[in-house]
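The values are calculated or read from the model by the stated rules, or taken from the named source; none is laboratory data. None of these values were measured; they are calculated from a predicted model. Note that each Cβ is placed from the backbone with ideal geometry, even for glycine, and that neighbours are counted across all protein chains shown.
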Amino acid sequence: MNETPRIWRCGAFTLSLDKSLVMGVLNVTPDSFSDGGDFEDPGRAVVRGERIVAEGGAIIDVGGESTRPGSDAVSHLEELARVRPVVQRLAAEGVPVSVDTRHATVAADCIKAGASIINDVSGFRDPEMVAAAVESDCGVVVMHMLGEPKTMQEEPHYTDVTAEVGGFLLAQAAALEEAGVARERIVLDPGIGFGKTLEHNLALLRGIPVLAAHGYPILIGASRKRFIGEIGGEKEPAARVGGSIAAAVEAVRLGAAVVRVHDVAATVEALAVSGAIRG
Ligand code: HH2
């Protein structure tokens, strides 16, 4: 078993993983499940990105296509038109920017515009996405999703969710390394809510130590998701702050290196306190 890197190499940035990192969500979409339409205007999106950094976020994750359950894909050109100007302006401010995309052309163009990380919720299944990673020195997030967003929540089934998701992620990471992506650039994400029931999500969160033991840093994106509403009873995603913070704190306690969240300031504060208690 390999030792987990204590750094994450992301283009010009070498991010220390000695402390957990907060990745702030910036959805430049009309239809994301909790903040759709809030930051469609590039100027507003850039202000939001700057706020993420001011609140202690280490990475800004810019997405131009909602992948909420049941969502339709958008054209690559439309997606690029949404994200490129925002990526370019925030990257020019010297901040690590990741691009949340399933499309290799969008990823490659955003890297050229200054993005440092490709966050692919389809887990680098597309060989062209692997090529986009190989051709750059960006960091990569390899996420597990069952099928496609349109249908992923239609009775998702696993025999052993932790083993199956882990097996997929490790195979994808091995393929990336084989293709020439250094291990220190790779982070794995079990994909909370992407073709998973409440029980699957809980099993994956409880299984973080097992996944982390394979020697890759782990990212968890639980923020505002449906399972938090199922547990806490809050129907409005943006109001699921307490549950989202609990999930982030538990994920880090169990070994996650990066948490992807909407409520950056509150999460940063909670992680500072829980980290101080743990010593
Ligand atoms: N979740 C979402 C989007 N991208 N990326 C990673 N690595 N991990 C996640 O859990 C993850 C992700 C979904 O959340 P959000 O961006 O808020 O919603 P939408 O897909 O509707 O834009």
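Answer with yes or no whether Gly43 is surrounded by fewer than 24 Cβ atoms within 10 Å (Cβ to Cβ), assigned to a loop (DSSP other than H, G, I, E, B) and not hydroxyl-bearing (Ser, Thr, Tyr). No, not satisfied. Candidates are the residues of the stretch 236-247 that are within 15 Å of the ligand (Cβ to nearest atom), assigned to a helix (DSSP H, G or I) and without any contact (Cβ under 8 Å) to a residue 60 or more places away in the chain; the one that is farthest from Thr4 (Cα to Cα) is Ala239. Ala246 - would you say it is loosely packed, with under 15 Cβ neighbours inside 10 Å and either aliphatic (A, V, I, L, M) or within 25 Å of Gly147 (Cβ to Cβ) (or both)? When the stated conditions are applied, Ala246 does not pass them. Going by what's in this entry, would Glu184 be described as within 24 Å of Val142 (Cβ to Cβ), acidic (Asp, Glu) and either outside any helix (DSSP H, G or I) or in contact (Cβ under 8 Å) with a residue 12 or more places away in the chain (or both)? Taking the combined requirement at face value, the residue satisfies it. Look at the stretch 192-218: where a residue is over 28 Å from Gly233 (Cα atoms) and a partner is assigned to a loop (DSSP other than H, G, I, E, B) and of a type in the set (Asp, Glu), sitting 6+ places away or on another chain with Cβ atoms under 9 Å, you get Gly215/Glu3. Residues in the stretch 168-181 that are out of contact with any strand residue (DSSP E or B) (no Cβ under 8 Å at 6 or more places or on another chain) and either assigned to a loop (DSSP other than H, G, I, E, B) or within 16 Å of the ligand (Cβ to nearest atom) (or both): Phe168, Gly180.
Listed here are the residues, each with its yes/no results for (1) over 14 Å from Arg260 (Cβ atoms); (2) aliphatic (A, V, I, L, M); (3) modelled with pLDDT of 95 or more; (4) touching a Leu at 6+ places or on another chain (Cβ under 8 Å).
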site: Phe13; (1), (2), (3), (4): yes, no, yes, no
site: Leu17; (1), (2), (3), (4): yes, yes, yes, no
site: Val22; (1), (2), (3), (4): no, yes, yes, yes
site: Asp38; (1), (2), (3), (4): yes, no, no, no
site: Pro42; (1), (2), (3), (4): yes, no, no, no
site: Glu50; (1), (2), (3), (4): yes, no, yes, yes
site: Ala54; (1), (2), (3), (4): yes, yes, yes, no
site: Pro69; (1), (2), (3), (4): yes, no, no, no
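Restricting attention to the stretch 92-103, does a residue exist that is more than 22 Å from Val268 (Cβ to Cβ) and over 16 Å from the mean Cα position of the chain (by Cα)? Yes, because at least one residue in the stretch 92-103 is more than 22 Å from Val268 (Cβ to Cβ) and over 16 Å from the mean Cα position of the chain (by Cα).
Exactly one residue out of Ser32, Ser20, Ser16 is on the phi < 0 side of the Ramachandran plot, in contact (Cβ under 8 Å) with a residue 40 or more places away in the chain and polar (S, T, N, Q): that is Ser20. The C-beta contact set for the stretch 69-81 (first residue closer than 11 Å to Thr105 by Cα, second residue within 16 Å of the ligand (Cβ to nearest atom) and outside any helix (DSSP H, G or I), distance under 8 angstrom, 6+ apart or interchain) comprises His76/His103; Glu79/Gly64; Glu79/Glu65; Glu79/Thr101; Glu79/His103; Leu80/Gly64. Considering the stretch 1-29 alone, what residues qualify as being in a strand (DSSP E or B) and among the charged types (D, E, K, R)? Within the stretch 1-29, just Arg9 meets the criteria.
Scan the stretch 118-171 for residues that are at pLDDT below 95 and among the basic types (Lys, Arg) and the total you get is 1.
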